[in-house]
Amino acid sequence: AVVGAGLGGSAVAYFLQQHFGPQVQLDVYEPVGVGGRLATVTVNKQQYESRGASIHALSLHMQDFVKILGLKHRREVAGKSAVFSGEHFVLEETDWYLLNLFRLWWHYGISFLRLQMWVEEVMEKFMRIYKYQAHGYAFSSLEELLRSLGGEAFVNMTQRSVAESLLEVGVTQRFVDDVIAAVLRSSYGQSVLVPAFAGAMSLVGAQGGTWAVEGGNKLVCSGLLKLTKANVIPARVTGVSLHSSEGKALYQVHYESSEGQGSAFYDMVVVTTPLHPSRSNFTFENFEPPIADFSGAFQPSVTSVVHGYLNSSYFGFPDPKLFPFASILTTDTPDLFFNAMDNICPVNISAAFRRKQPQEAAVWRVLSQQPLDKQQLKTLFRSYYSVQVTEWQAYPRYDAAKSLPPIVLHENLFYLSGVEWVASSMEMIAVAAKNVALLAYNRWHQDLEKIDQKDLMHKVKTEL
């Protein structure tokens with residue numbers, strides 16, 4: 001059984017079938033709709049991503065999914081970004097790459113180079129995971145996975161802030177306040193106190209080279225489930241209880257659907273929805289010792305998709321025709337009521353498509369902590385036709401947890417969503433899905449040589 005049909009659920013179903021073979025029977029429980037956070041909203045008969053909008057070029061599993069499913073990369077529509085402090089723009093992007101570099105250099109000296117070197121070093125080590133997974137290696141805890149990639153330094157990066165780590169490598173406080181804060185507010189809706197590892201993953205995406213799926217990113221989820229011929233059950237799982245048969249663990253999954261309550265038995269269960277009290281009332285029964293509660297909380301996040309006319313004078317441009325930006329990030333200023341906003345394009349982009357001129361009505365996605373009130377909407381827009389609001393418990397509150405959640409809850413009962421406490425992105429979830437599938441497979445076949453191995457770089461080299 002796979003609990004949840006977001007990216008984690010659909011990817012783990014695909015990987016489980018890849019490893020166990022076509023005879024594996026997969027039931028995927030999903031009460032709301034396939035895709036989870038990869039959702040779209042409709043404005044004027046066009047669909048737009050409401051969240052989970054961009055995928056990084058180094059996301060190898062996501063690249064693979066798109067290839068296997070015959071999907072396409074969405075055509076890119078260029079647009080400039082800027083960072084707004086509530087009073088003025090502290091940083092503006094131009095059409096000239098060299099001028100952008102010069103501006104960064106002029107404002108922040110060598111800081112942005114130091115940042116790039118730091119992010120690249122983290123990514124270079126992180127990319128080892130693909131080699132390990134290609135050789136069938138898996139990890140039974142998030143700490144072990146991190147250790148295999150970057151030693152204790154990577155584990156420590158989940159416990160100390162990105163600000164602390166960057167100041168240590170010589171990035172200035174001003175650069176952290178202006179640029180790093182703006183990126184983290186737009187990606188996680190949180191401050192520079194998020195852990196260094198989560199911060200690094202978010203900063204990789206800010207360096208460009210991101211893409212999206214033509215037709216919507218959620219097509220990856222429905223495509224993978226179709227490909228695996230998984231049996232999708234429209235029901236909400238309420239708990240798992242343990243039974244044993246002939247010395248083997250047997251799990252009873254309890255669920256509620258429109259037909260009432262039901263349950264079914266499984267050899268193996270993967271939970272891909274967050275097991276936090278604020279997110280799910282999930283019970284575990286008959287487990288000895290009992291499965292502990294999960295600490296930590298989730299950060300509420302609000303996405304407002306607004307079809308309207310931008311109030312450019314709020315941003316210091318009385319003539320809307322002259323407003324040059326498609327995306328606005330914000331610094332951590334107490335009076336600012338939104339984290340970021342961008343002029344978004346539909347999920348299907350024709351060859352003739354052009355971005356709306358700043359004086360025309362366009363579709364903007366505004367990210368904020370609380371729902372925007374009438375006055376705040378009026379501040380950002382001269383007038384608007386429609387507002388569609390999605391409130392969701394988006395990301396872990398990174399300052400709230402002291403330790404990482406487990407992957408193995410019981411013999412053949414696995415927890416996938418815990419990876420979000422390391423970093424939350426589509427690719428992190430895909431990597432975790434592959435890890436859980438390999439772990440389940442290696443444990444089932446008692447292949448302990450493939451679990452939690454030390455010195456893997458050396459092992460993989462000799463295997464080659």
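For the range 50-139, with only Lys/Arg (+1) and Asp/Glu (-1) charged at the beta-carbon, what is the dipole magnitude about the Cα centre, in debye rounded to 20? Before the final figure, lay out each step's value.
On the way: 11 positive and 9 negative charges, 87 e Å.
Here the size comes out at about 420 debye.
Give me the net charge for the shell around PHE287: Cβ to Cβ below 14 angstrom, other residues only, Lys and Arg +1, Asp and Glu -1. Each step should come with its number before you reach the end.
Numbers: positive: none; negative: GLU285, GLU288, ASP293, GLU411.
Net local charge, PHE287 excluded: -4.
Helix 426-444 and the longest principal axis of the Cα set of the chain meet at an angle near 10°.
For LYS125, list the lysines whose Cα falls under 21 Å from its own Cα; do not include residues on the same chain fewer than 8 positions away. Once the sequence-local lysines are set aside, what remains near LYS125 is LYS434, LYS450, LYS454, LYS459, LYS461. For the range 220-320, the Kirkwood estimate of hydrodynamic radius, built from reciprocal distances between every pair of different alpha carbons, is 18.0 Å. Please work out the FRET efficiency for the pair MET127 and GLN388, using the Cβ-Cβ distance as r and a Förster radius of 45 Å; give the result to the nearest 0.05. The calculated FRET efficiency here is 0.75. Here the simple spin-label model places points 7 Å from the Cα toward Cβ, and for ARG174 and GLU214 these points are separated by 4.5 nm. The value of relative contact order for the range 184-291, using C-alpha pairs under 8 Å at least six residues apart, is 18 percent. Between the DSSP loop rule and a limit of at most 13 other Cβ atoms within 10 Å, which trypsin sites (Lys or Arg not before Pro) in the range 369-406 are left? Answer by residue number: LYS402. Here r is the Cβ-Cβ distance between MET457 and ASN281 and R0 is 35 Å; the resulting FRET efficiency, rounded to 0.05, is 0.25. Loop-resident chymotrypsin sites (Phe, Trp or Tyr not before Pro) (DSSP state other than H, G, I, E or B) in the range 329-372 with no more than 11 further Cβ atoms inside 10 Å of their Cβ: PHE353. Where both bridge residues fall in the chain, DSSP classifies roughly 75% of the beta bridges as antiparallel. For the range 324-387 versus the range 127-153, the inter-centroid distance based on Cα atoms is 39 Å.
Be a star and scan the range 407-447 for residues whose amide nitrogen sits under 18 Å from the point 7 Å along the Cα-to-Cβ vector of GLU246. Under 18 Å, as judged by backbone N against the label point of GLU246, lie 412, 444-446 of the range 407-447. Listed by chain and number, the aspartates and glutamates whose alpha-carbon sits under 13 Å from that of LYS248, ignoring those within fewer than 8 places in the same chain, are ASP267, GLU411.
Packing, as the average of other Cβ atoms within 10 Å across residues, places the peptides 300-311, 206-217 in the order 300-311, 206-217, highest first. Relative contact order of the range 75-170: 18 percent, from C-alpha pairs under 8 Å at least 6 residues apart in sequence. Each Lys and Arg adds +1 at its Cβ and each Asp and Glu adds -1 at its Cβ; summed about the Cα centre, the range 1-74 shows a dipole of about 340 debye.
Overall dimensions of the range 313-392, expressed as equivalent-ellipsoid semi-axes from the Cα gyration tensor (√(5λ), whole Å, largest first), are 22, 17, 13. With N the number of residues in the chain, Rg(Cα) / (2.2 N^0.38 Å) evaluates to 1.00.
Output the relative contact order of the chain, whole-number percent, from Cα pairs under 8 angstrom with separation of 6+ residues.
Values: 880 pairs, mean separation 120.2, N = 464.
Taking the mean separation of contacting Cα pairs over the length of the chain, I get 26 percent.
A dipole drawn for the chain from +1 and -1 charges on Cβ atoms has a positive end, and of PRO195, TRP96, VAL183 the residue lying farthest that way is TRP96.
Which order, highest average first, do 442-451, 403-412, 40-49 follow once you tally other Cβ atoms within 10 Å for each residue and take the mean per peptide?
Details: 442-451: 13.7, 403-412: 17.9, 40-49: 15.9.
Result, highest mean Cβ count within 10 Å first: 403-412, 40-49, 442-451.
The calculated 222 nm mean residue ellipticity attributable to helices in the chain amounts to -9000 deg cm²/dmol, summing -39500 (n - 2.57) over DSSP H runs of n ≥ 4 and dividing by all residues.
Within the range 84-188, report the GluC sites (Glu not before Pro) that DSSP leaves as loop and that have at most 16 other Cβ atoms within 10 Å.
On the way: sites: GLU87, GLU92, GLU93, GLU120, GLU121, GLU124, GLU143, GLU144, GLU152, GLU164, GLU168; in loops: GLU87, GLU93.
Passing sites in the range 84-188 are GLU87.
Computed from Cα atoms, the angle from the helix 196-206 axis to the main principal axis of the chain rounds to 50 degrees. Quick one: helix 111-126 against the long Cα principal axis of the chain, what's the angle to the nearest 10°, folded into 0 to 90? Once rounded, the angle reads 20 degrees. Candidate cross-link partners of LYS72 among the lysines, defined by an alpha-carbon separation under 19 Å and a same-chain spacing of 8 or more, comprise LYS218, LYS226.
Working out 0.36 nm times the residue gap between GLU92 and ARG354, then minus their Cα-Cα distance, what length gain in nm do you get to one decimal? Present the calculation step by step, with values, prior to reporting the outcome.
Details: separation 262, 0.36 × 262 = 94.32 nm, distance 2.19 nm.
Residue separation times 0.36 nm, minus the Cα-Cα distance, leaves 92.1 nm.
Which order do the peptides 16-26, 418-428 come out in when sorted by mean C-beta neighbours inside 10 angstrom, highest first? Write out the running numbers ahead of the final one.
Values: 16-26: 14.9, 418-428: 23.4.
My ranking of the peptides, most packed first, is 418-428, 16-26.
Each listed q (0.15, 0.21 Å⁻¹) maps to a log10 I(q)/I(0) for the range 136-211, found by the Debye formula over equal Cα scatterers with no solvent: -0.56, -0.94.
Using the Cβ of LYS356 as centre and a radius below 13 Å, the other residues enclosed give a net charge of +1, where K and R count +1 and D and E count -1.
Values in this text are rule-based calculations from the coordinates and carry no lab data. Since the model is a prediction, treat every value here as computed from it, not as a measurement. As a convention, Cβ positions derive from the backbone with ideal geometry for all residues, glycine included, and neighbour counts pool all protein chains shown.
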